[in-house]
Amino acid sequence: MAKKKQRSKRITFLIYLLSIIIVCIIVFNIILSLKAENIANEINIIHNEYAELEKELENKNNDLTEIDEQTKIIINIDDNIAEIKKEYFSNIKTLEDKILASESDKKIAYLTFDDGPYYLSYKYLEVLDKYDVLATFFTIGNNKEVCYDNKSANCYLLYNEEAKRGHTMANHTFSHGIFRGLYSSPTNFIEQVKKQEELIRNQTGVTTNIVRFPGGSATAGKYKNAIIELLRANGYGWVDWTAATGDGGSLASADQAWNNFVNSIDSNIEVILMHDYNHYTLEILPKEIEYLKENGYSLFPLFYESNMVNK
Amino acid sequence: MKKNIIIILSVIAVIFSIVLGINYYNYSKYNEELNYEKDKLEEIKNKVNEINNNFDSSTSNYEKLKNDNQEKMEEYEKWLKRNNEVKELLS
């Protein structure tokens with residue numbers, strides 16, 4: 001009987017022990033599960049942080065690439081300006097080709113100013129700046145160390161003023177001496193062209209290869225073809241004009257200049273002849289620009305590859 | 001009767017022990033993963049710091065160059081704008 005009681009006690013103890021073990025296991029399980037859940041949450045947080053950092057890294061990398069590209073542009077700024085100018089003129093040439101092939105209804109006007117620079121050219125530049133228009137200056141060089149219309153000013157300074165604004169610097173010979181032997185021989189003409197080219201280069205650093213005959217190509221008379229041959233052999237292109245204000249001759253008023261101008265505009269590509277010493281032309285210049293723009297013309301500076309420049 | 005209870009409790013204890021083992025295994029795995037992720041996070045944080053330093057030095061270098069070449073930059077931007085205008089006429 002005593003043995004039976006003792007056995008029963010042992011079994012009861014075993015049951016208690018097993019129960020305690022089970023409870024302990026359950027508690028451990030719960031603790032481990034909670035810890036594992038915490039770790040899982042922590043990993044999730046890290047993943048989110050990781051994703052954010054990766055995004056930040058990508059953005060920074062993009063910004064860095066952009067900055068590096070901009071830096072490269074600045075380091076090679078002169079080459080980049082030359083490159084973009086080349087592309088700009090190439091695009092104008094494409095536009096010209098399309099217009100000439102009647103594939104585009106756009107129009108182009110090239111404003112050109114002969115015989116300068118004069119002191120009055122500053123006023124011309126102001127108007128062009130105001131309308132954000134680039135033009136072409138067919139410059140001469142004789143006696144320009146003193147401005148003809150302001151003896152206290154040095155007109156050499158204007159070459160650079162024109163060039164640095166992006167206007168095309170072109171060659172109208174150094175002397176412009178129509179009545180002083182300019183057309184006495186092709187060699188004499190080409191010498192005057194080269195002299196002016198050197199002057200422009202010295203004043204602006206720009207080498208120009210676009211020439212306009214003083215008085216127009218017809219003024220060269222019997223030497224016209226020989227001069228053209230020489231120009232071509234020396235890598236120059238030349239251009240006359242298709243429209244004008246008539247300010248090279250005697251103009252009586254701004255109205256007359258305006259009428260001359262309006263009556264001569266009749267093509268899809270115009271090369272407009274003016275002189276930057278003329279007050280009447282200066283007076284009507286804003287109106288001319290507005291008229292051209294209203295009539296669908298885009299205004300550009302001339303360039304060697306242009307169809308309007310004879311080669 | 002008590003014998004049966006002992007058997008049931010033993011089976012329960014064995015099952016729970018197995019579950020505990022599995023949980024412990026998972027817990028260790030999570031812990032390892034956590035350490036790995038922490039290292040990885042540290043690595044990317046270092047990378048971000050490094051690129052931030054590079055970015056700061058590149059930006060200050062760029063700003064300096066930009067200031068030194070302001071006129072040329074303005075000229076470049078003008079030509080860029082003009083070129084885009086011609087491109088628009090072509091399109």
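Take the Cβ atoms of residue A:38 and residue B:64, set R0 to 35 Å, and the FRET efficiency comes out at 0.10. Rounded if a/c is under 1.5, else prolate if a/b beats b/c, else oblate: with a ≥ b ≥ c from the C-alpha gyration tensor eigenvalues square-rooted, which is chain A? It is prolate, given that a/c is not under 1.5 and a/b is the larger ratio.
Projected over all directions and averaged, the alpha-carbon convex hull of region A:14-53 occupies 2.2 nm². In region A:192-252, the inverse of the mean reciprocal separation of distinct Cα atoms equals 13.2 Å; this is its Kirkwood hydrodynamic radius.
Please say if region B:20-63 is rounded, prolate or oblate, where rounded means a/c under 1.5 for a ≥ b ≥ c the square roots of the C-alpha gyration tensor eigenvalues, and otherwise the choice is prolate for a/b larger than b/c and oblate otherwise? It is prolate, given that a/c is not under 1.5 and a/b is the larger ratio. Counting Cβ atoms of other protein chains within 10 Å of each Cβ in A:25-35 and taking the mean gives 4. Angle of helix B:70-90 to the longest C-alpha principal axis of chain B, folded into 0 to 90 degrees and rounded to 10: 90°. When both region A:10-78 and region A:216-243 are represented by their alpha-carbon centers, they are found 80 Å apart. Restricting the calculation to Cα atoms, region B:2-90 shows an Rg/Rh of 1.67 when the hydrodynamic-style radius is the Kirkwood one.
Note on residue B:72: lysines with a C-alpha under 17 Å away, same-chain residues under 8 apart excluded, are A:72, A:85, A:86, A:164, B:64, B:81. Helix B:2-68 and the long axis of chain B differ in direction by around 10°, with both axes built from C-alpha atoms.
Distance between the modelled labels on residue A:21 and residue B:53, one decimal in nanometres: 5.9 nm (7 Å Cα→Cβ projection). The ranking of A:102, A:217, A:184 from fewest to most other beta carbons within 10 Å of each one's beta carbon is A:102, A:184, A:217.
How do A:158, B:20 line up, fewest other C-beta atoms within 10 Å first?
Values: A:158 25, B:20 16.
Lowest to highest Cβ neighbour count: B:20, A:158.
Just add up the charged neighbours of residue A:258: K/R +1, D/E -1, any other residue whose Cβ is under 10 Å from the Cβ of residue A:258.
Numbers: positive: A:287; negative: A:255, A:283, A:288.
Residues near residue A:258 contribute -2 overall.
Determine, for A:242, A:112, A:139, the number of other Cβ atoms within 10 Å of each Cβ, and report the residues in order from fewest to most. The partial results should precede the final answer.
Details: A:242 17, A:112 28, A:139 32.
Fewest-to-most ranking of A:242, A:112, A:139: A:242, A:112, A:139.
Under the rule a/c < 1.5 gives rounded, and otherwise a/b versus b/c splits prolate from oblate, where does region A:86-215 land using the Cα gyration tensor? Taking the square roots of the gyration eigenvalues as a ≥ b ≥ c, region A:86-215 is oblate.
Could you grab the relative contact order for chain A? Cα pairs under 8 Å, six or more apart, rounded to a whole percent. Present the calculation step by step, with values, prior to reporting the outcome.
Working: 414 pairs, mean separation 64.9, N = 311.
Taking the mean separation of contacting Cα pairs over the length of chain A, I get 21 percent.
Would you list the membrane-span-like helices of chain A, meaning whole DSSP H runs whose alpha-carbon atoms span at least 20 Å along their axis and whose mean Kyte-Doolittle value is at least -1.0?
A:2-75, A:77-100, A:279-294
Since every read-out is calculated from the coordinates, none of them should be taken as a lab result. No experiment lies behind these values; they were computed from the predicted model shown. Please note: Cβ atoms are built from the backbone with ideal geometry, for glycine as well, and neighbour counts cover all protein chains shown.
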